[in-house]
1. In the range 3-115, if the dipole is taken from +1 on Lys/Arg beta carbons and -1 on Asp/Glu beta carbons about the Cα centre, which of 21, 105, 70 is farthest to the positive end?
2. Only counting other Cβ atoms within 10 Å, I'd like 8, 68 sorted with the fewest neighbours first.
3. Spin-label point model (7 Å from Cα, Cβ direction): what's the residue 43 to residue 57 distance in nm?
4. Dipole size in debye (nearest 20) for the range 3-115 around its Cα centre, Lys and Arg Cβ +1, Asp and Glu Cβ -1?
5. So how much slack lies between residue 77 and residue 11, counting 0.36 nm per residue of separation and subtracting their Cα-Cα distance, in nm?
Amino acid sequence: MGSSLLSVAEQLLRDLQRTYSETKQIPDDLLIALRFVFGPCALQALDLVDQRSVTCVSSPSGRNAFQVLGGSGRLYTCFTSCHYCPCPAFSFTVLRRNESLMMQGHMMSLDLAPRAQSPFVGHFF
């Protein structure tokens, strides 16, 4: 993502967080903007958040890892510290095609979950 597109994406995510915290809804114009900036993975990531498929697991030392229940029913452990997801889509989209991390649904859901303030158990998003 170029620097100007990155700025737009960051502002869009801030708008999402502000709007959702005020209304507990995401208006259509923000959904359209998310899809435009991030592509189809934005809706997939929002669906994962909406289904509460993102879980933050905290260790006693304070480190976090995230588990995402994928559409296939398989649980993937994702690491934001090294920007990695073990799913086949990540391997193909990010590692082979060299696309942005934010173009992969599981990794994007890790960023969207706290912005949508979904409840999280011991840190469930």
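1. Comparing the listed Cα positions along the dipole, 70 ranks first.
2. 8, 68
3. It is 3.2 nm.
4. In total the dipole reaches around 340 debye.
5. 21.0 nm
Coordinate-derived values only; no laboratory data. These figures come from a predicted structure and were not determined experimentally. Note that we place each Cβ from the backbone using ideal geometry, even for glycine, and neighbour counts take in every protein chain shown.
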